[in-house]
Amino acid sequence: MADATAADPSPTFDVTSLGEALVRLSVPAGTRLSNAARLDVHVAGAESNVCAALAGLGRRSAFVTRLPHNPLGDLVVRRLREWGVDPSGIVRADQGRVGTYFVEFAAPPLPIRVTYDRADSACTRFTSGEVDWEWMLDTRALHLTGITPALSPSCRELVGEAADRARERGVQVSFDVNHRAQLWSDHAAAEALRPLLRAADLLLCKRDDAERLFGISGAPERMLDELQDLSGAVHVVMSLGEEGALARSEGRTYHQPAIPVTVVDRIGAGDAFAAGVIDGVLDGDLEAGLATGTALAALALTQHGDVVVTDRAEVDAARHGLSGGVHR
């Protein structure tokens, strides 16, 4: 991923991505979903979250999905445009639905609860023939995740084909394992995702996912080695939660501590982190990407909604400990 422009000297986009866009409905903290009187509405989805965060950093990003022609589909497209993400490649269907999910925030000892209502969404019927491949692969990098393959057999085939086409074209592939246990079993996920890991130039994986799906455990540095052996990726990044993140690239290991933060909304922080890592790798600097990703994740944790709304100046301030206080 160090020289993604070699195949095409002037691609239209820095990053494109393919996946499902969702509408998130959440209740205020301290309210149970079963007693909810109102819901807050946000547009969400791991891949579109990454594209939006990168657009905020000034990167040219585009997102491809399949949406119905209805007001919720229009809402998704409108939000993407507002965030600076090009939605021109989105397929609009005459029938179907937008997937939704519900969030019930809670403080310990209760967990945050996510309830999906995304079965048989328009995106689950997405097929290769509907994708404008030339448009989507006119990019320096393609970002994929392990969520989309869990949605349906056609989505599984679509993600695999996207990775293959990207590699054939010389487009670098970023892949975030991002396991969703509510969508499929650990065994099914591991079997389906192993080939996709081997297509990645940049692999992102949470420590818990490495243990649950691939049986990789032990010291974090050893886990990185095993992930790199399993995938063959040039860059391997493992997020460690409150311990920060660890990365391996070309024989070098990098560690980035987490930034202390007062949490407002946990959902979407991992996607913000992934966006920061991709941003650094696009510049050929994985170490800087870790720092940017950690700052983006911290900023995401302080905002409502899945998408971190920020800019490069704010991220740089967070990276260097210049945030906080009152700015007048």
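To the nearest 20 debye, what charge dipole does segment 61-177 have about its Cα centre, counting +1 at the Cβ of each Lys and Arg and -1 at the Cβ of each Asp and Glu? Don't skip to the answer; put the middle values down first.
Values: 14 positive and 16 negative charges, 44 e Å.
Once rounded to the nearest 20, the dipole reads 220 debye.
May I ask you to give the solvent-accessible area per residue for segment 14-160, in square angstrom, as obtained with a 1.4 angstrom probe? Let's see the in-between values first.
On the way: 5800 Å² over 147 residues.
Heavy-atom SASA per residue in segment 14-160 reads 39 Å².
Give, as a single signed number, the net charge of other residues whose beta carbon lies under 14 Å from the beta carbon of Leu227, with Lys and Arg counted +1 and Asp and Glu -1.
Charge balance near Leu227 sits at -2.
I want the antiparallel fraction of DSSP beta bridges within segment 120-270, as a percent rounded to 5.
Values: 10 of 23 bridges.
In segment 120-270, approximately 45 percent of DSSP beta bridges are antiparallel ones.
Using +1 on the beta carbon of Lys and Arg, -1 on that of Asp and Glu, and nothing else charged, what's the dipole of segment 158-248 about the Cα centre, debye to 20?
Using Cβ point charges on Lys, Arg, Asp and Glu, segment 158-248 gives about 240 debye.
Where a ≥ b ≥ c are the square roots of the eigenvalues of the C-alpha gyration tensor, would you call the chain rounded, which needs a/c under 1.5, or, failing that, prolate if a/b is larger than b/c, or oblate? Write down the numbers at each step before the final one.
On the way: a/c = 1.26, a/b = 1.04, b/c = 1.20.
It comes out rounded by the Cα gyration axes.
Order 60-69, 182-191, 103-112 from most to least packed using the mean count of other Cβ atoms within 10 Å. Could you put the intermediate results ahead of the total?
On the way: 60-69: 23.9, 182-191: 14.8, 103-112: 13.0.
Per-residue Cβ counts within 10 Å, averaged per peptide and sorted highest first, yield 60-69, 182-191, 103-112.
Hey, if you put +1 on the Cβ of every Lys and Arg and -1 on every Asp and Glu Cβ in the chain, which of Leu67, Val234, Ala318 ends up farthest toward the positive end of that dipole?
Looking along the dipole axis, the top candidate is Leu67.
Sticking with the crude label model, points 7 Å out along Cα→Cβ, report the distance from Asp285 to Arg266 in nm, one decimal please.
About 3.2 nm, to one decimal.
State the percentage of accessible surface on the chain attributable to carbon and sulfur atoms; use a 1.4 Å probe and exclude ligands, DNA and RNA. Display every interim value, and only then the final one.
Working: 6720 of 14040 Å².
Looking at the chain in its full context, I get 48 percent from C and S.
Return the whole-Å distance between the Cα centroid of segment 267-307 and the Cα centroid of segment 194-214.
18 Å
Under a plain spin-label model, where a point goes 7 Å from the Cα along Cα-to-Cβ, how far apart in nm are Thr127 and His320?
5.4 nm
Please give me the summed charge of the neighbours of Gly218: other residues whose Cβ is under 12 Å from its Cβ, Lys and Arg +1, Asp and Glu -1.
Numbers: positive: Arg207, Arg222; negative: Glu211, Glu221, Asp225, Glu226.
The answer is -2.
When DSSP beta bridges are limited to those with both residues in the chain, what percentage is antiparallel, rounded to the nearest 5?
40 percent
What is the packing order of peptides 20-30, 270-280, 143-153, taking the mean over residues of other C-beta atoms within 10 Å and listing the highest first?
Values: 20-30: 20.4, 270-280: 28.5, 143-153: 23.5.
So the peptides 20-30, 270-280, 143-153, ranked by packing, come out 270-280, 143-153, 20-30.
Using the Cα centre of the chain as the reference point, and only Cβ charges (+1 on K/R, -1 on D/E), how large is the resulting charge dipole? Debye, rounded to the nearest 20.
Dipole magnitude for the chain comes out near 840 debye.
The values are calculated or read from the model by the stated rules, or taken from the named source; none is laboratory data. Only a predicted model underlies this, so the values are computations on that prediction, with no experimental measurement involved. A quick note on method: Cβ atoms are made from the backbone with ideal geometry, for glycine too, and the neighbour counts reach across all protein chains shown. Ligands, DNA and RNA are stripped out before the accessible areas are found, and what is left, the full protein with its side chains, is counted by its heavy atoms. Shrake-Rupley method; radii C 1.70, N 1.55, O 1.52, S 1.80 Å.
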